[in-house]
Amino acid sequence: MPLLVHRPANPRGWIVWAHGGSWQHGSAAAWAPVTAALAASSGWVVVSVEYRLAPAHRFPAAVLDVLAALDWAETHSGDLPVVVGGDSAGGTIAASAALARRDTGDRVPAQVLAYPPLDPRCASPSYRARSGAFPNRADLRAAWRLWMDSTPEPTILPTPLEAPSLAGLAPVSLVVGSDDPVRDDVIAYADRLRADCIPTTLEVLPGVGHADVLSPRSRVLSAVPAALSESSLSELSTPTPQPTHLEGTPS
């Protein structure tokens, strides 16, 4: 599995990042300007994952790829914290990976997520609030169907909103725009996390829509380094001292 790694001098931590693209599109190369800018502005190593895309590779393939990338990052990060993050569909994948780590008893990474869609039904009012807003409800519901597989996966959920409890997760930082159709999904996740006593930050940026990290003047991309500087996020994301079994995964 290819990984695109941006290494700033004297890094403060490592973040494994999953790109957006409705689970079907995008690549680490296409998102390279985004991930390079994130590394430069945050001072964190950014490991951008070339995860497998739907419909050729349905859920949970992309989540498994991010989990493998987390294992690889933890073997190379030394004493620095390792967190998981992503934008749009990549944020959904990252959240599922963190939950899977909790459910299998592995070290749970903190999450830094930019506007992840989290409800396959796209049922909340924000999906109908702005006519013509991207992504529209019909297209996003179709993308969910193309990604999700009917085969049950006992240790991985496609969205954390399906989990009976979110207790045991590490801190989560969420960023979404006020004009984003997935806004209510993100707010619902923040509410669930806080109800289960997970340290959670939520920033709703006025006037910002979906896919903002691809904008030359992205306000979301400016907010992510601030989330990475949260002390609670670094303190609770320190790698365990023992190496993992995927030490030889190629970069």
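Before moving on, here are some points about what is shown:
- Scanning the stretch 16-60 for residues that are hydroxyl-bearing (S, T, Y) and in contact with a helix residue (DSSP H, G or I) (Cβ under 9 Å, 6 or more places away or on another chain) yields S22, S41, S42, S48, Y51.
- Taken together, the residues in the stretch 184-203 that are closer than 14 Å to L99 by Cα and over 16 Å from the mean Cα position of the chain (by Cα) amount to 3.
- Among the residues of the stretch 195-210, those identified as touching an Asp or Glu at 6+ places or on another chain (Cβ under 8 Å) and part of a loop (DSSP other than H, G, I, E, B) are G207, V208, G209, H210.
- For the stretch 95-130, the set of residues classified as among the β-branched types (V, I, T) and open to solvent by 30 Å² or more (accessible area, probe 1.4 Å) consists of T104 only.
- Among all positions in the stretch 182-194, there is at least one residue which is touching a residue at least 24 places away in the same chain (Cβ under 8 Å), assigned to a loop (DSSP other than H, G, I, E, B) and either within 12 Å of P116 (Cβ to Cβ) or open to solvent by less than 60 Å² (accessible area, probe 1.4 Å) (or both).
- Residue among P2, P55 that alone is more than 27 Å from I187 (Cα to Cα) and in contact with an Asp or Glu (Cβ under 6 Å, 6 or more places away or on another chain): P2
- Candidates in the stretch 157-171 are the residues that are open to solvent by less than 40 Å² (accessible area, probe 1.4 Å) and in contact with a Phe, Trp or Tyr (Cβ under 8 Å, 6 or more places away or on another chain); of these, the one that is farthest from V224 (Cα to Cα) is P158.
Every residue, every condition in (1) touching a helix residue (DSSP H, G or I) at 6+ places or on another chain (Cβ under 6 Å); (2) farther than 16 Å from D184 by Cα; (3) of a type in the set (G, A, S), yes or no:
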site: T92; (1), (2), (3): no, no, no
site: A98; (1), (2), (3): no, yes, yes
site: A129; (1), (2), (3): no, no, yes
site: S165; (1), (2), (3): no, yes, yes
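- Only one of the listed residues (D79, D65) is out of contact with any strand residue (DSSP E or B) (no Cβ under 7 Å at 6 or more places or on another chain) and of a type in the set (D, E). That residue is D79.
The values are calculated or read from the model by the stated rules, or taken from the named source; none is laboratory data. Because the structure is predicted, anything quoted here is derived from the model rather than measured. Virtual Cβ from ideal backbone geometry, glycine too; neighbours counted across all protein chains shown. Just the protein is used for accessible areas: all its heavy atoms, side chains included, with ligands, DNA and RNA removed. Shrake-Rupley method; radii C 1.70, N 1.55, O 1.52, S 1.80 Å.
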